[in-house]
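A single structure is presented below for examination.
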Amino acid sequence: MVGHIHSIESCGTVDGPGLRFVVFVKGCPMRCQYCHNPDTWEMTGGTDMTVDEIMDQFNHKKDFYKNGGITVTGGEPLMQIEFVTELFRAAKAQGVHTCLDTSGITFKKDKEAVIEKFDRLMEVTDLVMLDIKHIDPEEHIKLTRQKNDDILAFAHYIDEKGIEIWIRHVVVEGITLKEEYLKRLGQFMATLHHVKALDVLPYHNMGEVKYENLGIEYPLKGMKSLDKSKAVWARGIILEAYREEKKKQSLEKNS
């Protein structure tokens, strides 16, 4: 099985628990305004690698990752779901922890053939880092050019599978950094049972140079990187709404 690979990072520290071997794959249907990897959008370019070739690289320093594992990110890993499944199957055969960093955008709850592929992938996935771009449906389309209904359905799908979930959310001034949206995100998270972590990331403009080099207009040109303190504030709002919703659910259950 061959995958179209953008790059490999041998020392990932923010891509799941422990030290990670991180595989960046090519291809993504999203066009997030703040995307800092526009060079991963298309399937062209990059390097074709087999599962065995990637596992050989991993095994060369396997002891280095004994408290971590393999993370596949992108781009959007689900664009190459069969390849990721085979890679994770090979990793699990060696007892290696697997993490999928995804937006869930290719999930289709009403398509049996799609569900079957996802079922096979989830059998060999230990952790899903789910990137929720925007909780509001209309604003999500403005931000990414894609709907978010499949993404939210995917969150419930993996939750029902009992898979550990880490939520990631980027806060951008005037786009996602609004109390209303943050509260709604927290309330949505409270409908899930296996959320183990929440990462709220401040917007940064480091990708702007990439757009210039690729001859692509940067949608947020001129916007300054967000102060980290605002991300801390946003995380607090999300978690407060999460706790309040969980408390409400508990009271309703016991009434």
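Within the group 114, 96, 84, which residue is of a type in the set (A, V, I, L, M, F, W, C), in contact with a strand residue (DSSP E or B) (Cβ under 6 Å, 6 or more places away or on another chain) and under 22 Å from residue 30 (Cβ atoms)?
84
Scan segment 210-255 for residues that are part of a loop (DSSP other than H, G, I, E, B) and either on the phi < 0 side of the Ramachandran plot or of a type in the set (S, T, N, Q) (or both) and report the count.
12
What are the pairs, 6+ residues apart or on separate chains, where a residue within segment 102-117 that is at pLDDT below 95 has its Cβ under 6 Å from a residue that is surrounded by 14 or more Cβ atoms within 10 Å (Cβ to Cβ)?
So the pair list comes out as 109/153.
Scan segment 172-193 for residues that are surrounded by fewer than 16 Cβ atoms within 10 Å (Cβ to Cβ) and either touching a residue at least 12 places away in the same chain (Cβ under 8 Å) or on the phi > 0 side of the Ramachandran plot (or both) and jot them down.
Hits for segment 172-193 are 174, 179, 191, 193.
Here is a further query. Name the residues in segment 48-87 that are exposed (fewer than 13 other Cβ atoms within 10 Å of the Cβ) and of a type outside the set (D, E, K, R), would you?
Listed by number, the residues that qualify are 60, 67.
Taking interchain pairs and intrachain pairs at least six residues apart, which have beta carbon atoms under 6 angstrom, with the first residue in segment 141-155 and of a type in the set (Ser, Thr, Tyr) and the second assigned to a loop (DSSP other than H, G, I, E, B)?
144/30; 144/32; 144/133
Examine segment 152-168 for a residue that is within 21 Å of residue 228 (Cα to Cα), crowded, with 20+ Cβ neighbours inside 10 Å and in contact with a helix residue (DSSP H, G or I) (Cβ under 7 Å, 6 or more places away or on another chain), and state whether such a residue exists.
Scanning segment 152-168, I find at least one residue that is within 21 Å of residue 228 (Cα to Cα), crowded, with 20+ Cβ neighbours inside 10 Å and in contact with a helix residue (DSSP H, G or I) (Cβ under 7 Å, 6 or more places away or on another chain), so the answer is yes.
Go through 95, 45, 27 for me and flag whichever is at pLDDT 95 or above, farther than 30 Å from residue 200 by Cβ, outside any helix (DSSP H, G or I) and of a type in the set (Gly, Ala, Ser).
Just a single option satisfies the conditions, and that option is 95.
Output the residues belonging to segment 209-237 that are under 24 Å from residue 15 (Cα atoms), surrounded by fewer than 18 Cβ atoms within 10 Å (Cβ to Cβ) and not polar (S, T, N, Q).
209, 210, 227, 228, 230, 232, 233, 236 - these are the residues of segment 209-237 that are under 24 Å from residue 15 (Cα atoms), surrounded by fewer than 18 Cβ atoms within 10 Å (Cβ to Cβ) and not polar (S, T, N, Q).
Give the number of residues within segment 88-106 that are surrounded by fewer than 24 Cβ atoms within 10 Å (Cβ to Cβ) and either under 16 Å from residue 197 (Cα atoms) or under 13 Å from the mean Cα position of the chain (by Cα) (or both).
Of the residues in that region, 3 qualify.
The values are calculated or read from the model by the stated rules, or taken from the named source; none is laboratory data. Since we're looking at a predicted model, the values are computed, not measured. Ideal geometry is used to build each Cβ from the backbone, glycine not excepted, and the neighbour counts take in all protein chains shown.
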